[in-house]
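We did not get these values from a lab; they are worked out from the coordinates using the rules stated. Being a predicted model, the structure only gives us computed values, none of them experimental. Cβ placement follows ideal geometry from the backbone for every residue including glycine, while neighbour counts extend to all protein chains displayed.
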Amino acid sequence: MLPPPSAPSSPTTLLKRAERLAGQSLQQLADRYRLPLPVDNKKAKGWIGQLLEHCLGATAGSLAEPDFPQLGIELKTLPVNAKGVPQESTYISVVPLLELHQMTWRSSNVYKKLAKVLWVPIQSDPALAFAARKIGTPLLWSPTTEQEQALQADWEELSELICLGQLEAITAHHGRYLQIRPKGANAKSLCWAIGPDGEKIQTLPRGFYLRASFTAQLLKAYYLFA
């Protein structure tokens, strides 16, 4: 494995690095940095994120902060189909089930992760061999006032339900753009939360996710006007 480049010194430097990756296949990048392609397709998505972190000089690792902490920029890959439409929701952060009552929107990990995002589309058509899938043109994005207001409203609605012990009542239909979904390796990966009577209960970990409809809007606007 070749070492990654140094951490980017500015958003412009980071964007230029990402733009140089556009059009290259996963095989080309893996060969350049001498990284083996994953054998198990179930691990492929995580591997792509790690590959791009390596290529771009991300330093946060597994810490609960943006991937480029010195810039406050989060890196997110977007699997897209042949028409450039995102195919799935995007994981943002774990839901701190017992600590939400201590947080505001601006102090939440969701806000910190979404304040500045480098979106990198990745071809994900099942008919295309994994190694041949290419990196798309990146988008360095921050939410507009309207987008942030909508995300904040979703976060506050979901957080209130959790704080009131209504976690198990939350479904995929809650939230306009932001949703909560189970996030655990298996049914044995349990954590603590507040139950309907204020008691502590064990449940599956949850994650905050952005709906594909939201990221589709971002890409459509960007490629239409770029």
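Of the peptides 71-77, 200-206, the ranking by mean beta-carbon count within 10 Å, highest at the top, reads 71-77, 200-206. Length available on full extension from residue 16 to residue 102: 0.36 nm per residue minus the Cα-Cα distance, which gives 27.1 nm. Each listed q (0.12, 0.15 Å⁻¹) maps to a log10 I(q)/I(0) for the chain from the Debye sum over equal C-alpha point scatterers, namely -0.70, -1.06.
Would you mind getting me the FRET efficiency between residue 131 and residue 166? Use the beta-carbon distance for r and R0 = 35 Å, nearest 0.05.
0.20
With 32 Å as the limit on Cα-Cα distance, the pairs of 45/200; 113/188; 83/188; 45/116; 16/113; 76/188 that go past it are 45/200; 83/188. Placing +1 on the Cβ of every Lys and Arg and -1 on the Cβ of every Asp and Glu, with nothing else charged, gives the chain a dipole about its Cα centre of roughly 880 debye.
Using R0 = 35 Å, the C-beta based FRET efficiency linking residue 221 and residue 39 works out to 0.40. Think of the range 57-195 as having a plus end and a minus end, set by charges on the Cβ of Lys, Arg, Asp and Glu; of 161, 150, 70, 70 sits farthest toward the positive end of this dipole. Among 167, 114, 2, sorting on how many other beta-carbon atoms sit within 10 Å of each Cβ, with the fewest leading, yields 2, 167, 114.
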